[in-house]
Amino acid sequence: MKRFSGVLLLFLLACLLGGCQVEVQEVQSEGVTGYYFYYLNTDETELVRETYTPESEAAQSMIQELMQSLSSPDTGEGQTAILPSEVAVNNYELGEDGVLTIDFNSRYSEMTKSREILVRAGVVKSFVQIPGVRAVVFTVGGEPLTDSRGEAVGEMNGETFVSYPGEDMDAYRDDTFILYFADREGEHLVREERKLYYRKDIPKEQVVLEQLSAGPMNRGSYPTVPESLGINDIVISDRICYIDFDRSFLDYDQEISPQVLVYSVVNSVIDACEADMVQISIDGSTSNTLLEGMDLYHFYEKNEGLVVVEAEESE
């Protein structure tokens, strides 16, 4: 993702809600209906769909056609297959209950979190449109696909994933955010309420992080994250928000405690999005350790103990 500008932050941001659902941006052709096959854009950041006409609307026939399109679709320039070349389908089975179980090889588990979310969304959306397919279940090497807590993901359908159709991309909305900045001593967090008017095509967690980098508006509050902060990736899955910053995240004000830095991000994101925990990485690595033992590989929950009375309102 692009580095923050800090100038248009109050107006050009947007919201995709997480929770039990997974956030997926999707591009579609205008005025089309019927059956679709899915692929990725060249940046591998969005799902793109196009209509297709099946040879037969029999469930098994359509399943076979769409299985072939996962790794070698009839796509043109600027289109990428849903599955990476090293990921393959071992087998699949449609049960009498309408649940299609797809078993992938072990390379499935080696995908990045952001790519895996797009793969999951594209595959599920492809197959639940087939008459007789009620839901899709993933297995890897014969074992159920698990989430970050080690629990089986289970059945997925079209409602599992949130997407914004193309005609909504220019829509704006207003929302109120609670942000957490440092107090004067840099040892505690101070809440700041901020109402914003922003576009709906950018994730809500990005709104939060850009506002944090812009700094506080109230007297008595102080910045936590660097103004030049850059984000490589943000993904919400299984109620966990994964944030990958560039190395500028480590260039924070040393007068602010590492706890305040980390929980400024964690508390702000959890308050704004349907996530229970946050994991932070730096350029894809969670091996970084801040002062005072703040290991980034942990899953951090909201910390109310660091929060003090709100700072004085700005004039």
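The values are calculated or read from the model by the stated rules, or taken from the named source; none is laboratory data. On a predicted model such as this, the values are computed, not experimentally measured, just so you know. Positions of Cβ are generated from backbone atoms using ideal geometry, with glycine treated the same way; all protein chains shown enter the neighbour counts.
One table, with the values for the structure above:
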item: Residues (within 24 Å of the chain's Cα centre (by Cα) and either in a helix (DSSP H, G or I) or within 12 Å of PRO226 (Cα to Cα) (or both)) located in the stretch 241-258; result: PHE245, ASP246, ARG247, SER248, PHE249, LEU250
item: Search result, residues across the stretch 299-315 that are at pLDDT 80 or above and surrounded by 15 or more Cβ atoms within 10 Å (Cβ to Cβ); result: PHE299, TYR300, LYS302, ASN303, LEU306, VAL307
item: Count - residues of the stretch 272-311 that are touching an Asp or Glu at 6+ places or on another chain (Cβ under 7 Å) and among the hydroxyl-bearing types (Ser, Thr, Tyr); result: 2
item: Pairs with Cβ under 6 Å, 6+ apart, first in the stretch 277-300 and closer than 20 Å to VAL235 by Cβ and in contact (Cβ under 8 Å) with a residue 24 or more places away in the chain, second aliphatic (A, V, I, L, M) and assigned to a helix (DSSP H, G or I); result: VAL278/VAL266; VAL278/VAL269; TYR300/VAL266
item: Residue in the stretch 221-231 that is modelled with pLDDT of 90 or more, assigned to a strand (DSSP E or B) and within 20 Å of ASN303 (Cα to Cα) present; result: yes
item: Output for the stretch 33-43, where each listed residue is surrounded by 15 or more Cβ atoms within 10 Å (Cβ to Cβ) and in a loop (DSSP other than H, G, I, E, B); result: TYR35
item: Which listed residue, of THR112, THR139, THR146, is in contact with a Leu (Cβ under 8 Å, 6 or more places away or on another chain), surrounded by fewer than 23 Cβ atoms within 10 Å (Cβ to Cβ) and hydroxyl-bearing (Ser, Thr, Tyr); result: THR139
item: Close pairs from the stretch 99-128: first in the same structural domain as GLY158 (by TED's automatic domain parsing) and at pLDDT 90 or above, partner among the small types (Gly, Ala, Ser) and crowded, with 16+ Cβ neighbours inside 10 Å, Cβ under 8 Å, at least 6 apart; result: VAL99/ALA135; LEU100/ALA135; SER126/SER69; VAL128/ALA135
